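Visitor: The structure's right below; bear with me while I get my questions together.
The values are calculated or read from the model by the stated rules, or taken from the named source; none is laboratory data. The structure displayed is predicted, hence computed values, not measured ones. Please note: Cβ atoms are built from the backbone with ideal geometry, for glycine as well, and neighbour counts cover all protein chains shown. What goes into the accessible areas is simple: the full protein's heavy atoms, side chains included, and nothing from ligands, DNA or RNA. Shrake-Rupley method; radii C 1.70, N 1.55, O 1.52, S 1.80 Å.
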Amino acid sequence: MAQLSERVRGLVQPYLAGIEPYDPNFTPCRVNLSANENTYPMPVEARASIDAALAATPLNRYPDPMSNDLRAEIAAWHGVDANCVCVGNGGDELLYNFLLAFGGEGRTLLNCPPCFSEYAFFASLAQTDVLDVWRDKVTFQLDQAAVLAAAPRCNLAIVTSPNNPTGDLAPVDFVRELCAACPGLVMVDEAYGEFADPSTSCEGLLAECDNLVVLHTLSKAFGMAGTRLGYVIAAPDVIDAFGAIRQIYSVNVLTQAAALAAVRARDQFAPVVAHIREERSRLLAGIRTLAADGYAIESWPSEANFVLVRTPNATRVRERMRDEKSILVRDFSYAPGLADCLRITVGTPDENTEVLVALAELVEKE
Ligand SMILES: *Cc1c(COP(=O)(O)O)cnc(C)c1O
C-alpha cells in the first residue's frame, strides 16, 4: 500500500504520519464483482425520471444544504419526521461525520471486526481510540456478550447489519441491549439492509432508543454508487449535530435531483433487489455444491448482495480470475481474521454463472 513520502510525513499533523491511503486494488475487468455495486441495469422508467430531473436542474445556484426535498421524501418513505433525517455525500461522509462529531481524543469507538475497514480509518482520522470486539473466528457471528460487556466503557459503537464482508445480521434484540449498555450513540450500518428481510432492520428501535443512528445508502440496492448519497435516521437532536458539522454543500444539486427521483421511484427497484436475493441463493448453492464435490471452498450464509468464501491460496485464485477470466472479486486474505477469504458481489445471472465456472476451474480439489 502507498505510504506518504518522508518529507510529507514531517509536514502532516503528527498523528497522521502513519496513514495509508485507501487502496481498493481495482483493475478494470469485464466482470466487476469487487465493490458490492448493483450490476443490474437500472429500471428504465426510474432512469428516465432521473434523467429528466437532472436535465431540469439549474447548475448556477448552490445546493440546498440540508437537501430538504430529498429529506422529506426519505422521511415519508421511512415513516419518520424530516428532522430525523440527514443526508451525506455517500454513507462514508456520514460515517466520518459520526466519528468527527461524537468521537475524538479520549473517546473510544466500539468496533466489531472483521467489518467495514472505513470505521477504524475514520476513527483514526478523528483521533478516536478503537476497542475491537472480534467476531467468532469460525462463524463470524458477533460476540454479543463481549460487546455488551465492553459497551459501558465506550463512547460510541458501530455494528453493521448485514455485515460487510461476512454477510450476517446483528439481531434487533441485541441492538436494543447495546443501546441500553452504551452511554453514547450506537450506529447500525444498514448499507445492505434492503437485501435482508425487512423484519431484521433496527429502524423499529428508533422510537424507543434515542441513542440509535441508522445508516443507509443508495449505493447498493439502488445501484447509484456513483451518485454518492447516503443518509442517517436518528433522533432530531442527534440529526442537529450531523447537520451542524457537515460540509454544507457536500451533496450537490445533481445528486439531490437524482436521489429524489430514485427514491420517488423506489418501488421499481424492488424487483431488482428480489432478483439479486434469488441469485445470491443460486450462487451460494453453487458454491456449496462445489464444496460437496470435493473442492476446497467454504462459504457463509449472507443477507447482503455478496458472499464470502474461503479457499486455499485465495490471492492466487483471485489473480487468476482477474487475469485469465477478467472477473474481479475482492481479496480479503490480508485482513486480520479473514485469511484466504474472497468477497464476491452477487451479479447478474450470467456473471454469477461465470463465477461458478471460474471457481470450478481455479479452486483446488481436496
Ligand atoms: C458501501 C458501504 C457503505 C456506504 O457506502 P457509500 O457508497 O459511501 O454510501 C457503508 N457501510 C458499508 C458497510 C458499506 O459496505
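Visitor: V214 is checked against (1) in contact with a helix residue (DSSP H, G or I) (Cβ under 8 Å, 6 or more places away or on another chain); (2) open to solvent by 10 Å² or more (accessible area, probe 1.4 Å) and fails just one. What number does that condition carry?
Guide: (2)
Visitor: Return the only residue of D331, D350 being crowded, with 18+ Cβ neighbours inside 10 Å and closer than 26 Å to M224 by Cα.
Guide: Within the list D331, D350, the selection yields D331.
Visitor: Shifting gears a bit: Which count do you get for residues in the range 67-94 that are of a type in the set (A, V, I, L, M) and in a strand (DSSP E or B)?
Guide: 2
Visitor: Being in contact (Cβ under 8 Å) with a residue 40 or more places away in the chain and either loosely packed, with under 14 Cβ neighbours inside 10 Å or in contact with a Leu (Cβ under 6 Å, 6 or more places away or on another chain) (or both) is the filter here, so list the residues in the range 273-287 that pass it.
Guide: G286, the sole residue that qualifies.
Visitor: Which one of these is open to solvent by less than 60 Å² (accessible area, probe 1.4 Å), within 22 Å of T166 (Cβ to Cβ) and in contact (Cβ under 8 Å) with a residue 12 or more places away in the chain: L260, L290?
Guide: L290
Visitor: Tally up the residues in the range 237-253 that are in contact with a helix residue (DSSP H, G or I) (Cβ under 7 Å, 6 or more places away or on another chain), surrounded by 15 or more Cβ atoms within 10 Å (Cβ to Cβ) and either assigned to a helix (DSSP H, G or I) or without any contact (Cβ under 8 Å) to a residue 60 or more places away in the chain (or both), please.
Guide: Qualifying residue count for the region: 3.
So that you can scan it fast, the table gives a plain yes or no per residue for (1) open to solvent by 60 Å² or more (accessible area, probe 1.4 Å); (2) in a loop (DSSP other than H, G, I, E, B); (3) within 16 Å of the ligand (Cβ to nearest atom):
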position: Q3; (1), (2), (3): yes, yes, no
position: V8; (1), (2), (3): no, no, no
position: V12; (1), (2), (3): no, yes, no
position: N25; (1), (2), (3): yes, yes, yes
position: E37; (1), (2), (3): yes, yes, yes
position: P41; (1), (2), (3): yes, yes, no
position: N60; (1), (2), (3): yes, yes, no
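Visitor: Pairs, please: C-beta under 6 Å, at least 6 apart or cross-chain, first residue over 14 Å from F332 (Cα atoms) and in the range 21-32, second exposed (fewer than 11 other Cβ atoms within 10 Å of the Cβ)?
Guide: If the second residue must be exposed (fewer than 11 other Cβ atoms within 10 Å of the Cβ), the pairs left are P21/A2.
Visitor: Return yes or no: is F102 aromatic (F, W, Y), touching a residue at least 24 places away in the same chain (Cβ under 8 Å) and more than 12 Å from the ligand (Cβ to nearest atom)?
Guide: yes
Visitor: What strands (runs of 3 or more DSSP E), lying completely within the range 95-171, carry at least 3 residues that are open to solvent by less than 10 Å² (accessible area, probe 1.4 Å)?
Guide: In the range 95-171, the matching strands (runs of 3 or more DSSP E) lie at 108-111, 156-160.
Visitor: Considering only residues of the range 293-303 that are farther than 17 Å from V317 by Cα and in contact with a Leu (Cβ under 9 Å, 6 or more places away or on another chain), which is surrounded by the most Cβ atoms within 10 Å (Cβ to Cβ)?
Guide: Here the answer is S302.
Visitor: Further question: Report yes if S219 is under 22 Å from V307 (Cβ atoms), assigned to a loop (DSSP other than H, G, I, E, B) and within 16 Å of the ligand (Cβ to nearest atom), otherwise no.
Guide: When the stated conditions are applied, S219 passes them.
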